[in-house]
């Protein structure tokens, strides 16, 4: 069984993506890792080259910034990277530049990939998610944060990235997947308030210029994490080993009030039902669990 990793990245230094940590987090369990490096304003290429692993294969890409509708350019860039995966690989492990896998899940992931290798009905493996917010000490705890997503797919070129690269489709249809007991640690909302402000402001352009203009109007010099928070809970477990240096170098703090519950009446009811039953009602699922 062979597994390829793949990702895309642009302006990783400017936006402080933990892309080195992301790639490093699954290097031990993949046979190759394709990294599509987009036209950047910083030293993103040199950053990726610094990993210095023979498994890494770098391709170069120029983003089409006119593809703003629904974040389409992100799906296009995902497909570019996927297209370069070796035809000998059975599975393709996709990580975005702010997603990291804890080493404690390596064995589980390999076992599940091997277990379902011969069952062609299984087109992908579905991962659970932890979304960190503000600092490395807090995670989002509401329906605002998607709780599952496909991150391993068959090496089947009929599969393509969907919409803004959150999931995948095959010939326009949802993939049939197996849910596995492994988590993706998403750090996209953990940056200094200044860096987060610039990142969110710039990325609104991939949806619409109107959204970007509205965001600039509402924000000041720093991103207001307190205003944007709904319900958070304290993270009591360990982070991946590859994240330790980054966590130690963090130089900001945010005084969150964990007793705060900022939800609409509808979301509050659905939140309570989920906590009582473990079921997320009326949730959009970009996959079919089999």
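Listing for the model above:
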item: Failed criterion for residue 25 (all others in (1) under 24 Å from residue 185 (Cα atoms); (2) free of Cβ contacts under 8 Å to residues at least 40 places away in the same chain hold); result: (2)
item: Within region 239-257, tally of residues that are more than 26 Å from residue 143 (Cβ to Cβ), part of a loop (DSSP other than H, G, I, E, B) and either in contact (Cβ under 8 Å) with a residue 40 or more places away in the chain or touching a helix residue (DSSP H, G or I) at 6+ places or on another chain (Cβ under 7 Å) (or both); result: 4
item: Of all residues making up region 258-290, the number that are assigned to a loop (DSSP other than H, G, I, E, B) and either under 30 Å from residue 20 (Cα atoms) or touching a residue at least 24 places away in the same chain (Cβ under 8 Å) (or both); result: 11
item: Matching entry among 220, 204, 186, 239 (being at pLDDT below 90 and either within 19 Å of the chain's Cα centre (by Cα) or surrounded by 17 or more Cβ atoms within 10 Å (Cβ to Cβ) (or both)); result: 204
item: Strands (runs of 3 or more DSSP E) contained in region 1-76 and holding at least 3 residues surrounded by fewer than 17 Cβ atoms within 10 Å (Cβ to Cβ); result: 56-61
item: In region 157-169, the residues that are farther than 21 Å from residue 100 by Cα and either surrounded by fewer than 17 Cβ atoms within 10 Å (Cβ to Cβ) or touching a helix residue (DSSP H, G or I) at 6+ places or on another chain (Cβ under 6 Å) (or both); result: 157, 158, 160, 163
item: Test: residue in region 93-100 that is assigned to a helix (DSSP H, G or I), closer than 16 Å to residue 26 by Cβ and modelled with pLDDT of 95 or more; result: no
item: Members of region 105-136 found to be without any contact (Cβ under 8 Å) to a residue 24 or more places away in the chain and part of a helix (DSSP H, G or I), listed by number; result: 107, 111, 115
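Okay, residues lined up against (1) in contact with a helix residue (DSSP H, G or I) (Cβ under 9 Å, 6 or more places away or on another chain); (2) surrounded by fewer than 21 Cβ atoms within 10 Å (Cβ to Cβ):
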position: 104; (1), (2): no, yes
position: 115; (1), (2): no, yes
position: 130; (1), (2): no, yes
position: 144; (1), (2): yes, yes
position: 150; (1), (2): no, no
position: 173; (1), (2): no, yes
position: 176; (1), (2): no, yes
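The values are calculated or read from the model by the stated rules, or taken from the named source; none is laboratory data. It should be emphasised that the depicted structure is a prediction, and the values quoted were computed from it without experimental measurement. No Cβ is skipped: glycine too gets one built from the backbone with ideal geometry, and neighbour counts run over all protein chains shown.
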